[in-house]
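K.L.:
Below you'll find the structure I mean.
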Amino acid sequence: MIVNLYVYDEHQCDPKKCTGRKLMKFNLAQEIASLRRIPHGAVVLTPYAEKAISREDTKTALAHGLVVMDMSWNQINDFPKLRSDLQQRALPYLLAANPVNWGKPLKLSSVEALAASLYIMGIKEQAVQILSKFSWGEQFIKLNQEPLDCYADARTSAEVVKVQMEFVPPERSE
């Protein structure tokens with residue numbers, strides 16, 4: 001099982017550190033030049049989605065693809081409005097392993113977001129494959145092994161959100 005991966009690049013980050021561009025360089029993801037070109041029915045990762053990514057999304061992602069919006073966290077308030085035919089999904093609580101945001105909750109790079117989504121949907125081999133292009137990629141799985149396995153065991157978005165509460169530190173859950 002291979003999911004077609006897409007990157008919508010807002011060109012807001014350092015090109016040398018951009019994980020989305022590196023995935024495209026290795027032909028592991030395709031660039032989407034315009035929001036209108038996002039495949040109909042695709043699963044799009046957005047921090048503002050009402051549903052969390054889960055195994056429920058596997059069939060849709062396999063059929064229509066998985067899209068990451070490559071943007072700077074400093075400009076996240078400018079997140080573009082997406083078409084209603086897209087399946088918008090948020091990631092559950094995870095820690096970043098990338099050098100820019102190491103250990104910070106929820107501040108994942110594009111490759112970490114895609115890999116986490118693939119892992120949660122049960123497509124672990126592809127998750128490991130895309131992370132392998134980064135010197136720190138393996139650390140992402142190690143750092144988040146327990147939550148990723150628990151999220152992958154959950155069948156629905158609601159179950160992922162419920163499981164997530166086990167990993168959110170008390171000071172963040174308010």
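K.L.:
Need pairs with beta-carbon distance below 8 Å; first residue at positive phi and within the stretch 38-63, second of a type outside the set (Val, Ile, Thr) and not in a helix (DSSP H, G or I); sequence gap 6+ or separate chains.
P.N.:
Pairs that qualify, where the first residue is at positive phi and the partner is of a type outside the set (Val, Ile, Thr) and not in a helix (DSSP H, G or I), are Gly41/Asp85; Gly41/Leu86; Gly41/Gln87.
K.L.:
Provide a single number: the residues in the stretch 4-21 that are crowded, with 18+ Cβ neighbours inside 10 Å and part of a loop (DSSP other than H, G, I, E, B).
P.N.:
Residues of the stretch 4-21 that are crowded, with 18+ Cβ neighbours inside 10 Å, as a first pass: 5-9, 13, 18-21.
Within this subset, residues satisfying the condition of being part of a loop (DSSP other than H, G, I, E, B) are 13, 18.
Total satisfying the criteria: 2.
K.L.:
To continue, here is another question. Might you check whether a residue that is within 20 Å of Ala127 (Cβ to Cβ) and touching a Ser or Thr at 6+ places or on another chain (Cβ under 9 Å) occurs anywhere in the stretch 30-40?
P.N.:
no
K.L.:
Say we look at the stretch 128-174 and pick out the residues that are hydrophobic (A, V, I, L, M, F, W, C) and part of a loop (DSSP other than H, G, I, E, B); which of these is nearest to Lys22 (Cα to Cα)?
P.N.:
Residues of the stretch 128-174 hydrophobic (A, V, I, L, M, F, W, C): 128, 130-131, 134, 136, 140-141, 143, 148, 150, 152, 154, 158, 160-161, 163, 165, 167-168.
Add one more test, that the residue is part of a loop (DSSP other than H, G, I, E, B), and what stays is 134, 136, 154, 165, 167-168.
Details: Phe134: 9, Trp136: 14, Ala154: 31, Met165: 33, Phe167: 30, Val168: 30 Å.
Only one residue tops the list, namely Phe134.
K.L.:
Quick one: in the stretch 22-32, of everything that is surrounded by 16 or more Cβ atoms within 10 Å (Cβ to Cβ), modelled with pLDDT of 95 or more and out of contact with any strand residue (DSSP E or B) (no Cβ under 6 Å at 6 or more places or on another chain), which residue is nearest to Leu106 (Cα to Cα)?
P.N.:
Once the filter is applied, the top-ranked residue is Leu23.
K.L.:
So, one more: Do you know which of the residues in the stretch 33-66 that are in a loop (DSSP other than H, G, I, E, B) and touching a Gly at 6+ places or on another chain (Cβ under 9 Å) is surrounded by the most Cβ atoms within 10 Å (Cβ to Cβ)?
P.N.:
Filtering the stretch 33-66 for residues in a loop (DSSP other than H, G, I, E, B) gives 33-34, 38-42, 46-51, 53-54, 65.
Narrowing further to those that are touching a Gly at 6+ places or on another chain (Cβ under 9 Å): 38-39, 41-42, 65.
Details: Ile38: 20, Pro39: 18, Gly41: 13, Ala42: 23, Gly65: 21.
For the stretch 33-66, the residue satisfying everything is Ala42.
K.L.:
Kindly establish whether Glu112 is surrounded by fewer than 23 Cβ atoms within 10 Å (Cβ to Cβ), under 17 Å from the mean Cα position of the chain (by Cα) and part of a helix (DSSP H, G or I).
P.N.:
So Glu112 does not fit the description; no.
K.L.:
Evaluate the stretch 143-152: report whether one residue or more is more than 19 Å from Asp70 (Cβ to Cβ) and small (Gly, Ala, Ser). If you could, list the steps in order and put the result at the bottom.
P.N.:
In the first step, residues of the stretch 143-152 are kept if they are more than 19 Å from Asp70 (Cβ to Cβ); the result is 143-152.
Within this subset, residues satisfying the condition of being small (Gly, Ala, Ser) are 152.
So far as the stretch 143-152 goes, yes, one or more of its residues are more than 19 Å from Asp70 (Cβ to Cβ) and small (Gly, Ala, Ser).
K.L.:
Still on this structure, I have one more. Where residues in the stretch 159-174 are charged (D, E, K, R) and at pLDDT below 80, which of them is surrounded by the most Cβ atoms within 10 Å (Cβ to Cβ)?
P.N.:
Checked the stretch 159-174; the qualifying residue surrounded by the most Cβ atoms within 10 Å (Cβ to Cβ) is Arg172.
K.L.:
How many residues are buried (at least 16 other Cβ atoms within 10 Å of the Cβ), under 20 Å from Ala52 (Cα atoms) and either touching a helix residue (DSSP H, G or I) at 6+ places or on another chain (Cβ under 6 Å) or without any contact (Cβ under 8 Å) to a residue 12 or more places away in the chain (or both) when one looks only at the stretch 127-146?
P.N.:
Looking only at that region, the number is 2.
The values are calculated or read from the model by the stated rules, or taken from the named source; none is laboratory data. Just so it is clear, the model here is predicted, and its values are computed rather than measured. Cβ coordinates were reconstructed from backbone atoms using ideal geometry, including for glycine residues, and neighbour counts include every protein chain displayed.
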